[in-house]
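Colleague: Once you've had a glance at the structure underneath, I'll fire off some questions.
Just so it is clear, none of the values below were taken in a lab; they were calculated from the coordinates. Bear in mind that the values here come from a model prediction, so they are computed numbers and not experimental data. Cβ placement follows ideal geometry from the backbone for every residue including glycine, while neighbour counts extend to all protein chains displayed.
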Amino acid sequence: MMDKAEMDLILGLAAHELGTTLTVLKSGIALLKNGDMDEEEEAEQLRELEAKADAMKELLDGIVALSTVDAGVWQDDEIIVQDTVDEVLLGLEHDALRKRLMMMTEGEDIAFKGSLWHFKRILATLLGNAIKFNEPEGEVVVSWYEEEGEDLGAFVLEVEDTGPGMSAEKMEGIFTRIGPSEGGMGVGLFFVREALSHMGGSISVELAEGGGCLFKVVLPFRR
Amino acid sequence: MARILVVDDERAIRRILSKVLTRNGHTVVEAGTAEEGLDLLYGVDVVLLDLAMPGIGGMGFLSAVKGKGVPVIVVSAYYAESKIDEALSAGARSFIVKPFEFAEVLSSVSDALEGK
């Protein structure tokens, strides 16, 4: 459960981002309506508007996702990992192609019971970040396997990118920090941590051998 | 016409303010952080300042320029009264809430220039 301070932070962030985005949209449209921009300026202005609308969608998705964690909207679905990863990747194909990224999957045939909607959003957040923070023509590898351990063992999913990685300072608190960061709205990883903790799982990050980031999700199997 | 410093970490907002102000005959200097804004302060007649920025932020900028005689207009998406009061007590001349109207920005700049 989110505490009041976290909730206030998210509301404050949403209000601030809405205000900023509305300013860009409203003023940008007013400038375009004036009609005294040259073609290049117009195109640049439209790009700014589109980027702001995308950022708003990201924030909205994050807030909706977070609200479902607290509202306890959890289903007990059959999650077939390969199919779900493929579906999420298909939704991100456009962004990956735009950066000419190679998206790879490797994993065993695994299925488990859980909330499919939340699992998809976790995947979409991690893969979306791996695309957004990657270098052009880079790679994203999604892999998963079963890990033996106490009780029934666990499902492990890893997402590795070939981006510039992250300093130890940035890594610290990356799952608990809320607020805009370079290129993001700063709600996605917070949601991932909340959702996984609700499922009894966890997430960690380390630098990958190639210098990018390696995110690791561990979800204990339930009886 | 005046030399106006626009301090905002959102590039799109800087571009929009810059366009509107230059169209109205002003010269605009842009800064993406409060620290950069402080470096560009020389010869500036009015400052348009965002509050939520990385680093020392808008409040840090206000305390650094307090008493220097440059009017600062805060342009922020924070609409809470406490924030407005805090900025005004820290030396801001006036407060504009985002999303703003161009006319509101231009009249606040004129008022600041006329010392109203």
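Colleague: Taking chain B, how many lysine pairs are there with alpha carbons less than 19 Å apart, if each pair must be eight or more places apart or span two chains? Kindly include the intermediate steps, with their values, before the conclusion.
Modeller: Values: B:19/B:98; B:66/B:83; B:66/B:116; B:68/B:116; B:83/B:98.
Lysine pair count for chain B: 5.
Colleague: Among rounded, prolate and oblate, which fits the range A:1-135 when a ≥ b ≥ c are the square roots of the eigenvalues of its C-alpha gyration tensor, a/c under 1.5 means rounded, and a/b larger than b/c means prolate?
Modeller: Oblate shape, in that a/c is at least 1.5 and b/c is the bigger or equal ratio.
Colleague: A follow-up question, please. With +1 assigned to the C-beta of every Lys and Arg and -1 to the C-beta of every Asp and Glu, and no other charges, what is the dipole magnitude of chain B about the Cα centre in debye, to the nearest 20? Mind dumping the intermediate values first?
Modeller: Numbers: 12 positive and 16 negative charges, 54 e Å.
Here chain B has a charge dipole of around 260 debye.
Colleague: Kindly identify the protein assembly as shown as rounded, prolate or oblate by the Cα gyration tensor criterion: order the square roots of the eigenvalues as a ≥ b ≥ c, call it rounded if a/c is under 1.5, otherwise compare a/b with b/c, prolate if a/b is larger, else oblate.
Modeller: On the way: a/c = 2.54, a/b = 2.09, b/c = 1.22.
It is prolate, given that a/c is not under 1.5 and a/b is the larger ratio.
Colleague: If r is the Cβ-Cβ distance from residue B:96 to residue A:53 and R0 is 22 Å, what FRET efficiency results, to the nearest 0.05? Write down the numbers at each step before the final one.
Modeller: Numbers: r = 23 Å, r/R0 = 1.06.
FRET efficiency, residue B:96 to residue A:53: 0.40.
Colleague: Hey, another quick one. Put +1 on the Cβ of each Lys and Arg and -1 on the Cβ of each Asp and Glu in the protein assembly as shown; which of A:201, A:152, A:142 then has its Cα farthest toward the positive end of the dipole?
Modeller: Looking along the dipole axis, the top candidate is A:201.
Colleague: Moving on. Could you tell me whether the range A:66-132 comes out rounded, prolate or oblate from its Cα gyration tensor? Rule is a ≥ b ≥ c as square roots of the eigenvalues, rounded for a/c under 1.5, then prolate if a/b exceeds b/c, otherwise oblate.
Modeller: On the way: a/c = 3.11, a/b = 1.46, b/c = 2.13.
Oblate is the answer for the range A:66-132, as a/c is 1.5 or above yet b/c matches or exceeds a/b.
Colleague: Between the alpha-carbon centers of the range A:89-164 and the range B:70-116, tell me the distance in whole angstrom.
Modeller: Between the Cα centres of the range A:89-164 and the range B:70-116 lies a distance of 46 Å.
Colleague: Then there is this: Which lysines, on any chain, are close to residue A:170 with Cα under 25 Å apart, when same-chain ones fewer than 8 places away are left out?
Modeller: Answer for residue A:170, where 25 Å is the Cα cut-off: A:4, A:52, A:57, A:99, A:132, A:216, listed by chain and number.
Colleague: Any idea which of A:124, B:25, B:5 is furthest toward the positive side of the dipole for the protein assembly as shown, if Lys and Arg beta-carbons carry +1 and Asp and Glu beta-carbons -1?
Modeller: Among A:124, B:25, B:5, the one farthest towards the positive end of the dipole of the protein assembly as shown is B:25.
Colleague: Distance between Cα centroids, the range A:1-62 to the range B:1-62: provide it in whole Å.
Modeller: Between the Cα centre of the range A:1-62 and that of the range B:1-62, the gap is 19 Å.
Colleague: Figure the gain on full extension for residue A:44 and residue A:108 (residue separation times 0.36 nm, minus the Cα-Cα span) and round it to one decimal in nm. Write down the numbers at each step before the final one.
Modeller: On the way: separation 64, 0.36 × 64 = 23.04 nm, distance 4.55 nm.
Between residue A:44 and residue A:108, full extension yields 18.5 nm more.
Colleague: Report, by chain and number, residues whose modeled amide H sits under 5 Å from the one on residue B:46, excluding near sequence neighbours (fewer than 5 apart, same chain).
Modeller: Under 5 Å from the amide H of residue B:46 lie the amide H atoms of B:3, B:5, each far enough along the sequence or on another chain.
Colleague: Could you work out the relative contact order of the range B:1-104? I mean the mean sequence separation of Cα pairs under 8 Å and 6+ apart, divided by the number of residues, in percent. It would help to have the intermediate numbers written out before the result.
Modeller: On the way: 190 pairs, mean separation 24.7, N = 104.
Relative contact order, the range B:1-104: 24 percent.
Colleague: I'd like the orientation of helix A:81-91 relative to chain A: the angle between its Cα long axis and the longest Cα principal axis, in ° from 0 to 90, rounded to 10.
Modeller: Helix A:81-91 sits at roughly 10 degrees to that axis.
Colleague: A follow-up question, please. Excluding residue A:213 itself, what net charge comes from residues whose Cβ is under 9 Å from its Cβ, given Lys and Arg +1 and Asp and Glu -1?
Modeller: Values: positive: none; negative: A:160, A:161, A:206.
Every neighbour counted, the sum reads -3.
Colleague: Hey, what angle do you get for helix A:4-34 against the long axis of chain A, alpha-carbon based, 0 to 90 degrees rounded to 10?
Modeller: Helix A:4-34 and the main axis of chain A meet at about 40 degrees.
Colleague: Let me ask something additional. Compute the angle between helix A:188-198 and the longest alpha-carbon principal axis of chain A, please, reported from 0 to 90 degrees and rounded to the nearest 10.
Modeller: It works out to around 30 degrees.
Colleague: By Kyte-Doolittle mean hydropathy of at least 0.0 and Cα axial length of at least 15 Å, which whole DSSP H helices of chain B are selected? Walk me through the intermediate numbers first.
Modeller: Values: long enough: B:11-23 (18 Å, -0.06); B:102-114 (18 Å, 0.73).
Going by DSSP H runs, the hits are B:102-114.
Colleague: While we're here: Could you give the size of the charge dipole of chain A about its Cα centre, using +1 on the Cβ of each K and R and -1 on the Cβ of each D and E, expressed in debye and rounded to the nearest 20?
Modeller: Values: 19 positive and 45 negative charges, 157 e Å.
Magnitude of the dipole: close to 760 debye.
Colleague: Now, a different point. Calculate the spin-label point distance for residue A:170 paired with residue B:68, positioning each point 7 Å from the Cα along the beta-carbon direction, and give it in nanometres.
Modeller: Placing both labels 7 Å along Cα→Cβ, they lie 3.0 nm apart.
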